[in-house]
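The values are calculated or read from the model by the stated rules, or taken from the named source; none is laboratory data. Predicted model, so just to flag it, every value in this text is computed and none were measured. Counting neighbours? That spans all protein chains shown, and the Cβs are built from the backbone with ideal geometry, glycine included.
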(Lines give C-alpha, C1' and ligand atoms only; values in the text may rest on other atoms or scores of the structure.)
Protein backbone atom coordinates (compact mmCIF):
# COMPACT_ATOMS: atom_id res chain seq x y z
CA UNK A 1 0.00 0.00 0.00
CA UNK A 2 2.85 2.37 0.85
CA UNK A 3 4.44 1.61 -2.51
CA UNK A 4 1.19 2.57 -4.24
CA UNK A 5 1.18 5.98 -2.56
CA UNK A 6 4.85 6.52 -3.42
CA UNK A 7 4.24 5.69 -7.08
CA UNK A 8 1.18 7.94 -7.19
CA UNK A 9 3.04 10.81 -5.52
CA UNK A 10 5.93 10.44 -7.98
CA UNK A 11 3.54 10.51 -10.93
CA UNK A 12 1.85 13.60 -9.50
CA UNK A 13 5.21 15.35 -9.20
CA UNK A 14 6.06 14.53 -12.81
CA UNK A 15 2.66 15.74 -14.00
CA UNK A 16 2.96 18.90 -11.91
CA UNK A 17 6.34 19.58 -13.50
CA UNK A 18 4.77 19.25 -16.96
CA UNK A 19 1.97 21.64 -15.99
CA UNK A 20 4.47 24.05 -14.47
CA UNK A 21 6.44 23.99 -17.71
CA UNK A 22 3.31 24.86 -19.69
CA UNK A 23 2.50 27.72 -17.30
CA UNK A 24 6.04 29.12 -17.60
CA UNK A 25 5.82 28.85 -21.37
CA UNK A 26 2.60 30.88 -21.47
CA UNK A 27 3.94 33.45 -19.01
CA UNK A 28 6.99 33.87 -21.23
CA UNK A 29 4.72 34.51 -24.19
CA UNK A 30 2.87 37.14 -22.17
CA UNK A 31 6.12 38.86 -21.21
CA UNK A 32 7.16 39.04 -24.85
CA UNK A 33 3.73 40.37 -25.83
CA UNK A 34 3.91 43.03 -23.12
CA UNK A 35 6.98 44.48 -24.85
CA UNK A 36 5.10 44.63 -28.14
CA UNK A 37 3.53 48.09 -28.76
CA UNK A 38 0.83 46.49 -30.93
CA UNK A 39 -2.26 46.46 -28.67
CA UNK A 40 -4.21 44.07 -30.89
CA UNK A 41 -1.33 41.59 -30.95
CA UNK A 42 -1.11 41.80 -27.16
CA UNK A 43 -4.83 41.17 -26.85
CA UNK A 44 -4.62 38.11 -29.11
CA UNK A 45 -1.64 36.75 -27.21
CA UNK A 46 -3.47 37.15 -23.89
CA UNK A 47 -6.49 35.30 -25.27
CA UNK A 48 -4.29 32.45 -26.51
CA UNK A 49 -2.38 32.23 -23.23
CA UNK A 50 -5.59 32.19 -21.18
CA UNK A 51 -6.98 29.44 -23.41
CA UNK A 52 -3.78 27.41 -23.02
CA UNK A 53 -3.78 27.88 -19.24
CA UNK A 54 -7.44 26.91 -18.97
CA UNK A 55 -6.76 23.79 -21.02
CA UNK A 56 -3.73 22.96 -18.87
CA UNK A 57 -5.88 23.32 -15.76
CA UNK A 58 -8.61 21.12 -17.22
CA UNK A 59 -6.12 18.44 -18.24
CA UNK A 60 -4.56 18.53 -14.79
CA UNK A 61 -7.91 18.17 -13.02
CA UNK A 62 -8.89 15.27 -15.27
CA UNK A 63 -5.52 13.64 -14.69
CA UNK A 64 -5.89 14.01 -10.92
CA UNK A 65 -9.37 12.50 -11.03
CA UNK A 66 -8.17 9.47 -13.00
CA UNK A 67 -5.17 9.05 -10.73
CA UNK A 68 -7.29 9.09 -7.57
CA UNK A 69 -9.77 6.61 -9.05
CA UNK A 70 -6.93 4.29 -10.07
CA UNK A 71 -5.35 4.59 -6.63
CA UNK A 72 -8.67 3.86 -4.94
CA UNK A 73 -9.17 0.74 -7.08
CA UNK A 74 -5.66 -0.51 -6.33
CA UNK A 75 -6.01 0.12 -2.60
CA UNK A 76 -9.35 -1.76 -2.59
CA UNK A 77 -7.70 -4.68 -4.38
CA UNK A 78 -4.80 -4.78 -1.93
CA UNK A 79 -7.24 -4.60 1.00
CA UNK A 80 -9.19 -7.55 -0.40
CA UNK A 81 -5.98 -9.54 -0.85
CA UNK A 82 -4.89 -8.77 2.72
CA UNK A 83 -8.31 -9.78 4.06
CA UNK A 84 -8.17 -13.04 2.08
CA UNK A 85 -4.66 -13.75 3.37
CA UNK A 86 -5.76 -13.07 6.94
CA UNK A 87 -8.76 -15.37 6.55
CA UNK A 88 -6.52 -18.08 5.11
CA UNK A 89 -4.18 -17.77 8.10
CA UNK A 90 -7.14 -18.30 10.44
CA UNK A 91 -8.51 -21.33 8.54
CA UNK A 92 -7.70 -24.98 9.15
CA UNK A 93 -6.40 -26.39 5.87
CA UNK A 94 -7.90 -29.85 6.39
CA UNK A 95 -11.44 -29.01 7.47
CA UNK A 96 -11.98 -25.51 6.10
CA UNK A 97 -13.23 -24.19 9.46
CA UNK A 98 -11.41 -21.81 11.80
CA UNK A 99 -8.11 -23.05 13.19
CA UNK A 100 -7.06 -22.50 16.81
CA UNK A 101 -5.72 -19.01 16.11
CA UNK A 102 -8.96 -18.02 14.39
CA UNK A 103 -10.99 -19.48 17.25
CA UNK A 104 -8.98 -17.61 19.88
CA UNK A 105 -9.47 -14.33 18.04
CA UNK A 106 -13.23 -14.79 17.66
CA UNK A 107 -13.76 -15.90 21.26
CA UNK A 108 -11.70 -12.95 22.50
CA UNK A 109 -14.02 -10.58 20.62
CA UNK A 110 -17.10 -12.30 22.05
CA UNK A 111 -15.72 -12.04 25.59
CA UNK A 112 -15.00 -8.33 25.07
CA UNK A 113 -18.54 -7.82 23.77
CA UNK A 114 -19.91 -9.69 26.79
CA UNK A 115 -18.16 -7.21 29.07
CA UNK A 116 -20.30 -4.34 27.77
CA UNK A 117 -23.53 -6.18 26.96
CA UNK A 118 -25.44 -9.03 28.55
CA UNK A 119 -23.62 -12.21 27.45
CA UNK A 120 -25.83 -14.73 25.66
CA UNK A 121 -23.47 -17.15 23.94
CA UNK A 122 -22.79 -20.85 24.41
CA UNK A 123 -19.44 -22.54 23.87
CA UNK A 124 -19.41 -26.16 22.72
CA UNK A 125 -16.37 -28.41 23.03
CA UNK A 126 -16.67 -31.42 20.73
CA UNK A 127 -14.58 -34.58 20.57
CA UNK A 128 -14.73 -37.27 17.86
CA UNK A 129 -15.30 -40.53 19.72
CA UNK A 130 -12.66 -43.27 19.40
CA UNK A 131 -10.75 -41.28 16.81
CA UNK A 132 -7.42 -42.85 17.80
CA UNK A 133 -8.89 -46.24 16.95
CA UNK A 134 -9.89 -44.93 13.50
CA UNK A 135 -6.36 -43.69 12.87
CA UNK A 136 -4.75 -46.88 14.15
CA UNK A 137 -6.97 -49.18 12.12
CA UNK A 138 -7.46 -47.27 8.86
CA UNK A 139 -4.52 -44.88 8.79
CA UNK A 140 -4.17 -41.11 8.94
CA UNK A 141 -5.60 -40.39 5.46
CA UNK A 142 -8.85 -42.07 6.52
CA UNK A 143 -8.74 -40.18 9.82
CA UNK A 144 -8.32 -36.90 7.95
CA UNK A 145 -11.32 -37.74 5.77
CA UNK A 146 -13.39 -38.42 8.90
CA UNK A 147 -12.41 -35.08 10.46
CA UNK A 148 -13.25 -33.18 7.27
CA UNK A 149 -16.62 -34.94 7.00
CA UNK A 150 -17.48 -34.28 10.65
CA UNK A 151 -16.59 -30.59 10.24
CA UNK A 152 -18.89 -30.28 7.22
CA UNK A 153 -21.71 -32.05 9.03
CA UNK A 154 -21.41 -29.88 12.15
CA UNK A 155 -21.24 -26.65 10.15
CA UNK A 156 -24.57 -27.49 8.51
CA UNK A 157 -26.27 -27.57 11.92
CA UNK A 158 -25.77 -23.82 12.38
CA UNK A 159 -28.70 -21.62 11.39
CA UNK A 160 -26.85 -18.28 11.41
CA UNK A 161 -23.62 -17.06 9.83
CA UNK A 162 -22.52 -15.50 13.13
CA UNK A 163 -22.28 -18.97 14.73
CA UNK A 164 -19.02 -20.70 13.95
CA UNK A 165 -17.03 -23.91 14.24
CA UNK A 166 -13.28 -24.27 14.77
CA UNK A 167 -10.81 -27.10 14.91
CA UNK A 168 -9.50 -26.71 18.42
CA UNK A 169 -6.75 -29.29 17.98
CA UNK A 170 -6.35 -32.88 16.80
CA UNK A 171 -9.80 -34.49 16.80
CA UNK A 172 -11.36 -31.80 18.99
CA UNK A 173 -13.63 -29.06 17.68
CA UNK A 174 -15.13 -26.00 19.32
CA UNK A 175 -18.24 -24.07 18.37
CA UNK A 176 -19.77 -20.81 19.56
CA UNK A 177 -23.48 -20.14 19.24
CA UNK A 178 -24.56 -16.56 19.85
CA UNK A 179 -27.79 -15.38 21.46
CA UNK A 180 -28.72 -18.80 22.82
CA UNK A 181 -30.23 -19.93 26.11
CA UNK A 182 -29.92 -23.39 27.66
CA UNK A 183 -32.86 -24.81 25.72
CA UNK A 184 -31.48 -23.56 22.41
CA UNK A 185 -28.04 -24.93 23.32
CA UNK A 186 -29.49 -28.38 24.00
CA UNK A 187 -31.38 -28.34 20.71
CA UNK A 188 -28.25 -27.35 18.79
CA UNK A 189 -26.17 -29.93 20.64
CA UNK A 190 -28.65 -32.66 19.75
CA UNK A 191 -28.51 -31.59 16.10
CA UNK A 192 -24.72 -31.91 16.27
CA UNK A 193 -24.97 -35.44 17.67
CA UNK A 194 -27.43 -36.48 14.96
CA UNK A 195 -25.33 -34.90 12.20
CA UNK A 196 -22.19 -36.72 13.37
CA UNK A 197 -24.01 -40.06 13.49
CA UNK A 198 -24.92 -39.58 9.84
CA UNK A 199 -21.28 -39.17 8.79
CA UNK A 200 -20.08 -42.06 6.65
CA UNK A 201 -16.60 -42.35 5.15
CA UNK A 202 -15.63 -45.20 2.85
CA UNK A 203 -12.03 -46.37 3.02
CA UNK A 204 -10.82 -49.21 0.80
CA UNK A 205 -14.36 -50.50 0.49
CA UNK A 206 -15.06 -50.36 4.22
CA UNK A 207 -17.51 -47.91 5.79
CA UNK A 208 -16.32 -45.84 8.75
CA UNK A 209 -18.87 -44.32 11.11
CA UNK A 210 -18.18 -42.21 14.16
CA UNK A 211 -19.95 -40.31 16.90
CA UNK A 212 -19.09 -37.26 18.97
CA UNK A 213 -19.19 -36.21 22.60
CA UNK A 214 -20.29 -32.65 23.30
CA UNK A 215 -19.94 -30.36 26.31
CA UNK A 216 -21.55 -26.92 26.38
CA UNK A 217 -21.24 -23.96 28.75
CA UNK A 218 -22.86 -20.51 28.70
CA UNK A 219 -20.85 -17.32 28.74
CA UNK A 220 -20.65 -15.64 32.15
CA UNK A 221 -20.28 -11.98 33.03
CA UNK A 222 -16.68 -11.11 33.84
CA UNK A 223 -15.34 -14.51 32.78
CA UNK A 224 -12.30 -14.64 30.53
CA UNK A 225 -11.90 -16.95 27.55
CA UNK A 226 -9.69 -19.47 29.37
CA UNK A 227 -12.23 -19.98 32.18
CA UNK A 228 -15.08 -20.31 29.69
CA UNK A 229 -13.20 -22.94 27.69
CA UNK A 230 -12.33 -24.82 30.88
CA UNK A 231 -15.99 -25.06 31.93
CA UNK A 232 -17.04 -26.31 28.49
CA UNK A 233 -14.14 -28.77 28.53
CA UNK A 234 -15.28 -30.16 31.89
CA UNK A 235 -18.75 -30.64 30.42
CA UNK A 236 -17.16 -32.54 27.52
CA UNK A 237 -15.27 -34.76 29.97
CA UNK A 238 -18.55 -35.58 31.73
CA UNK A 239 -20.10 -36.52 28.38
CA UNK A 240 -17.25 -38.96 27.80
CA UNK A 241 -17.70 -40.40 31.29
CA UNK A 242 -21.37 -41.02 30.51
CA UNK A 243 -20.37 -43.29 27.64
CA UNK A 244 -19.73 -40.85 24.77
CA UNK A 245 -22.08 -40.01 21.88
CA UNK A 246 -23.99 -37.65 24.16
CA UNK A 247 -24.37 -34.03 25.23
CA UNK A 248 -23.78 -32.40 28.62
CA UNK A 249 -24.85 -28.78 29.14
CA UNK A 250 -23.68 -27.00 32.29
CA UNK A 251 -24.92 -23.75 33.76
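Miscellaneous remarks
- Any pair with Cβ under 8 angstrom, 6 or more apart, that starts in region 166-184 at a residue that is on the phi > 0 side of the Ramachandran plot and ends at one that is part of a loop (DSSP other than H, G, I, E, B): 179/120; 179/121
- Top-ranked residue in region 237-251 [being in contact with a strand residue (DSSP E or B) (Cβ under 8 Å, 6 or more places away or on another chain) and either without any contact (Cβ under 8 Å) to a residue 12 or more places away in the chain or part of a loop (DSSP other than H, G, I, E, B) (or both); ranked as surrounded by the most Cβ atoms within 10 Å (Cβ to Cβ)]: 246
- Flag if residue 234 is free of Cβ contacts under 8 Å to residues at least 40 places away in the same chain, surrounded by 12 or more Cβ atoms within 10 Å (Cβ to Cβ) and under 16 Å from residue 246 (Cβ atoms): yes
- Tally of residues being surrounded by 17 or more Cβ atoms within 10 Å (Cβ to Cβ) and in contact (Cβ under 8 Å) with a residue 60 or more places away in the chain across region 197-210: 2
- Flag for residue 185 being in a strand (DSSP E or B) and within 30 Å of residue 113 (Cβ to Cβ): no
Yes/no per residue for (1) touching a strand residue (DSSP E or B) at 6+ places or on another chain (Cβ under 9 Å); (2) modelled with pLDDT under 95; (3) within 23 Å of residue 251 (Cβ to Cβ):
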position: 72; (1), (2), (3): no, yes, no
position: 81; (1), (2), (3): no, yes, no
position: 91; (1), (2), (3): yes, yes, no
position: 126; (1), (2), (3): yes, no, yes
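- Search result, residues across region 173-186 that are surrounded by 15 or more Cβ atoms within 10 Å (Cβ to Cβ) and under 23 Å from the mean Cα position of the chain (by Cα): 173, 174, 175, 176, 177, 178
- From the list 216, 142, the one residue that fits, being outside any strand (DSSP E or B), crowded, with 17+ Cβ neighbours inside 10 Å, touching a residue at least 24 places away in the same chain (Cβ under 8 Å) and in the same structural domain as residue 106 (by TED's automatic domain parsing), is 142.
- Answer residue from region 98-124, given it is in contact with a strand residue (DSSP E or B) (Cβ under 8 Å, 6 or more places away or on another chain) and in a helix (DSSP H, G or I) and is surrounded by the most Cβ atoms within 10 Å (Cβ to Cβ) among those: 103
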